[in-house]
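Remarks on the structure that follows.
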Amino acid sequence: MAPCIDTSRTGKTQLSQNDDSGFRYLNFCGPGFSERISRGNHTKTQTDDDVWLKMREEAKSDVEQEPILSSYYDASITSHPSLDHALASILSVKLSNLTLPSDTLFELFISVLQESPETEIIDSVKQDLLAAKERDPACVSYVHCFLSFKGFLACQAHRIAHKLWTQDRKMLALLIQNRVSEVFAVDFHPGARIGKGILLDHATAVVIGETAVVGDNVSILHGVTLGGTGKQCGDRHPKIGDGVLIGAGTCILGNITIGEGVKIGSGSVVLKDVPPRTTAVGNPARLIGGKENPTKHDKIPGLTMDQTSHMTEWSDYVI
């Protein structure tokens, strides 16, 4: 089976084009999703352009209903001219401390965001907002995610830290990682490469190692570790394909490949490659349906958030 991860040219995770089963990643998504995910040339859609405007509308509506929110929303959203400005502001406030003032962090964050092409960071921010709104039933609005979802905020701080890491400003990148870990209880090494459309549901205790790669439209629940085995050096962390769903409390260890559209059951320990569109569960993890002819799903777990399909095939004893 052809590998589903290709980082040889762009350094970014790519969808496999060589799978022999005829699976097509875009065929099973909700309305409007295929339009967004097919933007390999980074052309904008109306949906993307509307995110910031929609956030401002939501903020005004919330303030009308709850005037006590007026000052908070003004400082966080409505007083800002753009999404990148608002993002730099909220992250600087969240991550500041007595010796690391918010003004200093704001200047650092906004400079990184504004120096980067929109498709590099801000487009990913928009896709992450869309992911939370579409996939998490607890997400009330874009504003709710932007202000309150620590997984979202931690991921955006990581995007800034990763940019600094690639510019060889490693001590600043590591400083941001440390503050994110202390404030949000999420620990992404700044060297890790993270795609867009990422949902970190609850996010507490998610750990991602230095050489890990996470594709687009991946959903990760709390307590997940993408780590090393403890005995390797160099490229030692997992490579996660597009559209993967990783259940709570899962450990994926070593330089292994998790294929596109894979579902990893909660509490699993994964030590070997997982083929595309299969389900792995258990400790150590095994494939539902067996290694020779594993059960494959025709929908994208990272989007459907379906964590229970085919579980009766894994064990005769399912409560």
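The values are calculated or read from the model by the stated rules, or taken from the named source; none is laboratory data. Note that the structure is predicted; figures quoted are calculated from it, not measured. When we count neighbours, we look across all protein chains shown, and the Cβ atoms used for this are built from the backbone with ideal geometry, even at glycine. When the accessible area is computed, the model is the full protein with side chains, heavy atoms only, and any ligands, DNA or RNA have been set aside. Shrake-Rupley method; radii C 1.70, N 1.55, O 1.52, S 1.80 Å.
In whole Å, what is the distance between the alpha-carbon centres of the range 94-133 and the range 282-305?
Each part's Cα centre sits 35 Å from the other's.
Once the dipole of the range 49-184 is set up with Lys and Arg at +1 and Asp and Glu at -1 on Cβ about the Cα centre, which of Leu130, Pro117, Leu105 lies farthest towards its positive end?
Among Leu130, Pro117, Leu105, the one farthest towards the positive end of the dipole of the range 49-184 is Leu105.
Using R₀ = 22 Å, calculate the FRET efficiency as 1/(1 + (r/R₀)^6) where r is the Cβ-Cβ separation of Thr204 and Asn283; round to 0.05.
Step by step, r from the Cβ atoms, then E = 0.60.
Counting other Cβ atoms within 10 Å, keep those with at most 10, restrict to DSSP loop, and tell me which trypsin sites (Lys or Arg not before Pro) in the range 155-240 are left.
Lys231
Which percentage, to the nearest 5, of the DSSP beta bridges contained in the range 190-319 is antiparallel?
10
If we sort 290-297, 55-62 on the protection proxy, mean other Cβ atoms within 10 Å, highest first, what's the order?
Going from most to least packed, we get 55-62, 290-297.
Going by average Cβ density within 10 Å per residue, which order do the peptides 83-89, 132-138 take, highest to lowest? Walk me through the numbers before you get to the answer.
On the way: 83-89: 20.7, 132-138: 16.3.
Ranked from most to least packed, the peptides come out as 83-89, 132-138.
How many Å² of accessible area per residue for the range 187-281, probe 1.4 Å?
Result: 28 Å² per residue.
Can you tell me the dipole magnitude for the range 192-307 around its Cα centre, using point charges on the Cβ only (Lys, Arg +1; Asp, Glu -1), in Debye to the nearest 20?
Details: 12 positive and 10 negative charges, 48 e Å.
Result for the range 192-307 is approximately 220 debye, rounded to the nearest 20.
Given Cα positions, please report Rg to Rh for the range 49-184, the hydrodynamic radius being the Kirkwood one.
With Rg and the Kirkwood Rh in hand, the quotient comes to 0.96.
Roughly speaking, to the nearest percent, how much of the range 49-184's 1.4 Å accessible area is carbon and sulfur?
Roughly 52 percent, rounded to a whole number.
Assuming 1.306 mPa s and 10 °C, estimate D for the range 93-144 with Stokes-Einstein, Rh taken as the Kirkwood radius over Cα pairs, in µm²/s.
Roughly 123 µm²/s, to the nearest whole number.
Taking the Cα centre of the range 49-184 as origin, work out the dipole magnitude from +1 charges on Lys and Arg Cβ and -1 charges on Asp and Glu Cβ, in debye rounded to 20.
Charge dipole, the range 49-184, about its Cα centre: 480 debye, nearest 20.
Please report, as a whole percent, how much of the solvent-accessible surface of the range 192-307 comes from carbon and sulfur atoms (probe radius 1.4 Å).
50
With unit charges on the beta carbons (Lys and Arg positive, Asp and Glu negative) and the dipole taken about the Cα centre of the range 192-307, which residue among Gly228, Gly302, Ala203 sits farthest to the positive side?
Towards the positive end, the residue furthest out is Gly228.
What fraction of the Cα pairs in the range 192-307, stated in percent, has a spacing above 16 angstrom? Don't skip to the end; give the middle numbers.
On the way: 3542 of 6670 pairs.
Summing the P(r) tail past 16 Å for the range 192-307 gives 53 percent.
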